[in-house]
Ligand code: S3P
């Protein structure tokens, strides 16, 4: 059941001939950052294309609690920022709902201002590890008091006299990197983050857009990102590109449903995000990038996906994991319809997302007739080829939007329908999933 209401059981039935254009919503990662940096800038930042999913709405509410004005007028979100170091102390608990990105980035953003804030979330978020963020924030001088294992609810006391920090991230995580960079904004001097593997770089790009000095260098240690503290962030006009992680669902549906031809326009192909699309092409997917161009400093294309009856299982390179970390669940669905095994190593992080995504997918795929093997940081899907996956079972979504959507995509190409116990979490990232998929001809409905 979702923290925001009743469970919504859903069902997906075999569908053919998906057709049309799928206009997916704005990028979730970029939407959170636009609101947070807008709140930390001086003046009014205007944002269009913002994802209006629950995760981002929770971040908007949090920014208001820290003193920024955030409101939507017409199609534009207006954020009146308070400046770096200008956050007010919230007079209530900050509830970030289901969003790890929201809570971790906001903790970073407030950790170098001398205020206290208490954070909580839903049952999924309150299980997730926060020490990965509070450890580096302690180096700035912030203090964290949470539940055992570094879990929410948690209170952060921001540092009064923050020190700049040099921090090598122990896990590949853009959320950790971003929390440190946001904390570095109110610290004097240079804050440095070193990451062994490149993770999504939206924070660096957007910080530069707001006028901060941020550089990225590739060295023997890895990627070294250096931020100069105490900049004056200047308000911006931001056009949020469409979310490649949401595009993944109509794209993958088209590949596995007979007779499909779907266009997903205007998708960001930032190399730190687009790993899934290259992986699908290696599997033999009929997926083309049309009208390739640059928009707002990001590579963008229209994706055309057509039914691909001859998909082959592949070895997914572990170094690609960060660039497609949210897409493994739906990749495992496509892999079920490929010939041969798809091996996915180097993906330990999947175990600490909104759910343990390896476990959640493995259990639901097995129940629907697909053989899956798993270890702590790898999993293998044994593909059955097109037309050979049974379906017929219920899968649990574990408060995880991407698990819910992945099993609904599975059910579009299995012999018998697939049920999902709760589709309510889909609203966190893709509130128009149901009408968008229905318009393409996909039979996905509420099971009642
Ligand atoms: C995100 C980073 C990723 C990703 C999440 C969004 C971000 O998490 O899974 O959905 O916006 O920075 P990690 O940084 O924990 O890998």
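See the values below:
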| quantity | calculated |
| --- | --- |
| Cα centroid of the range 22-96 to Cα centroid of the range 170-232, whole Å | 20 Å |
| Normalised contact order of the chain, rounded percent, pairs of Cα under 8 Å and 6 or more residues apart | 20 percent |
| Inter-label distance for residue 171 and residue 208, nm, one decimal - labels placed 7 Å from Cα along Cα-to-Cβ | 2.8 nm |
| Relative contact order [Cα under 8 Å, 6+ residues apart], the range 28-226, whole percent | 17 percent |
| Gain on full stretching of the segment that runs from residue 215 to residue 196 - 0.36 nm per residue minus C-alpha separation | 5.2 nm |
| Cβ crowding within 10 Å averaged over residues, with 71-81, 137-147 ranked highest first | 137-147, 71-81 |
| Efficiency of FRET from Cβ geometry, residue 319 and residue 376, R₀ 25 Å, rounded to 0.05 | 0.85 |
| The range 310-406: relative contact order as a whole-number percent, Cα under 8 Å and 6+ apart | 33 percent |
| Segment residue 292-residue 351, length gained on full extension (0.36 nm per residue, minus Cα span) | 17.8 nm |
| Segments 196-205, 159-168, 298-307 sorted - mean Cβ within 10 Å per residue, highest first | 196-205, 298-307, 159-168 |
| Shape category assigned to the range 315-425 from the gyration tensor of Cα positions, a/c cut at 1.5 | oblate |
| Overall form of the range 28-226 per C-alpha gyration tensor (a/c, 1.5; a/b vs b/c) | rounded |
| Spin-label pair residue 157/residue 46, simplified geometry with 7 Å Cα→Cβ offset, distance in nm | 4.3 nm |
| For the range 285-357 and the range 372-448, distance of Cα centres in Å | 15 Å |
| Prolate/oblate/rounded call for the chain, Cα gyration tensor, a/c under 1.5 rounded | prolate |
| Cα-projected label distance for residue 281 with residue 310, points at 7 Å along beta-carbon direction, nm | 1.8 nm |
| Extended-chain gain in nm, criterion 0.36 nm per residue less alpha-carbon gap, residue 416 and residue 443 | 8.5 nm |
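Every number here is computed from the coordinates shown, using simple stated rules; none is lab data. Because the structure is predicted, anything quoted here is derived from the model rather than measured. Every residue, glycine as well, gets a Cβ built from its backbone with ideal geometry; the counts of neighbours run over all protein chains shown.
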